[in-house]
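Report on one structure; see the data block that follows.
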Amino acid sequence: MTLTLPTWWPRVLGLLLSLWVTLPGVVRPTEPGFLGNVNLIFHEAGHVLLMWAGEVVMLLGGSVFQLLVPAACIGVFLARGERFAAGLVTLWLAHSLAGVSAYVADAPLRNLPLITGDPDTHDWWQLLTIWNALGWAPGLGRFLHALALGAVVVGVFVALWDDLKEKE
């Protein structure tokens with residue numbers, strides 16, 4: 001007697017593993033886990049790559065680049081027709097978006113630890129102060145966090161799309 005597993009089980013296992021890695025950081029974005037360090041690398045790279053473009057663009061560049069890297073990976077996977085991979089990377093995007101949401105919401109208080117150790121280097125505090133919009137931080141943070149939660153749902157759906165279509 002031979003045990004025959006369904007063809008979809010490795011994808012479900014991969015999806016569950018990806019959720020295990022990403023979901024805690026989406027639910028509790030101030031505790032991003034090791035994936036937060038990956039996002040931080042791209043965040044800081046965004047500042048460095050956009051230093052030439054002026055203060056506002058350089059400050060925005062960290063958060064934008066942190067989101068742009070996983071978004072670009074999603075685009076590549078979708079262009080290649082690899083929906084499962086695109087769905088998993090969408091979970092990474094959700095994690096990164098949740099991290100940005102926490103950073104934005106923290107702007108008035110500046111309680112999150114920064115690699116500089118100086119709360120005056122908080123990107124979103126600086127940006128929202130420049131724009132005279134520091135009061136927008138909590139609402140904008142909640143909006144971005146809602147987008148992150150939505151991205152989790154989209155990521156799971158995209159990852160399972162081919163398997164769901166097979167059942168029709």
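The values are calculated or read from the model by the stated rules, or taken from the named source; none is laboratory data. As the structure is a prediction and not an experimental result, all values here were calculated from the model. Counting neighbours? That spans all protein chains shown, and the Cβs are built from the backbone with ideal geometry, glycine included. Protein only, heavy atoms only, side chains kept; ligands, DNA and RNA dropped before computing areas. Shrake-Rupley method; radii C 1.70, N 1.55, O 1.52, S 1.80 Å.
The figures follow:
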quantity: So residue 109, is it of a type outside the set (Val, Ile, Thr), out of contact with any Lys or Arg (no Cβ under 6 Å at 6 or more places or on another chain) and in a helix (DSSP H, G or I); calculated: no
quantity: Search result, residues across the stretch 68-96 that are over 21 Å from residue 161 (Cα atoms) and out of contact with any Leu (no Cβ under 6 Å at 6 or more places or on another chain); calculated: 68, 69
quantity: Residue list for the stretch 12-34, filter: buried (at least 20 other Cβ atoms within 10 Å of the Cβ) and modelled with pLDDT under 90; calculated: 32
quantity: Residue that is among the aromatic types (Phe, Trp, Tyr), more than 10 Å from the chain's Cα centre (by Cα) and modelled with pLDDT of 95 or more, where the choices are 92, 125; calculated: 125
quantity: Residue match in the stretch 68-79 (condition: out of contact with any strand residue (DSSP E or B) (no Cβ under 7 Å at 6 or more places or on another chain), β-branched (Val, Ile, Thr), within 16 Å of residue 36 (Cβ to Cβ) and assigned to a helix (DSSP H, G or I)); calculated: yes
quantity: Unique match (being of a type in the set (Asp, Glu) and touching a residue at least 60 places away in the same chain (Cβ under 8 Å)) among 44, 31; calculated: 44
quantity: Selected residue (criterion: least open to solvent (accessible area, probe 1.4 Å)) from residues of the stretch 100-116 that are within 30 Å of residue 159 (Cα to Cα) and hydroxyl-bearing (Ser, Thr, Tyr); calculated: 101
quantity: Unique residue being in a helix (DSSP H, G or I), open to solvent by less than 40 Å² (accessible area, probe 1.4 Å) and either hydroxyl-bearing (Ser, Thr, Tyr) or closer than 21 Å to residue 24 by Cα (or both) when the list is 97, 127; calculated: 97
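Quick grid of which residues meet (1) over 24 Å from residue 114 (Cα atoms); (2) modelled with pLDDT under 95; (3) open to solvent by less than 50 Å² (accessible area, probe 1.4 Å):
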| site | (1), (2), (3) |
| --- | --- |
| 6 | yes, yes, no |
| 10 | yes, yes, no |
| 44 | no, no, no |
| 48 | no, no, no |
| 69 | no, no, yes |
| 73 | yes, no, yes |
| 87 | yes, no, yes |
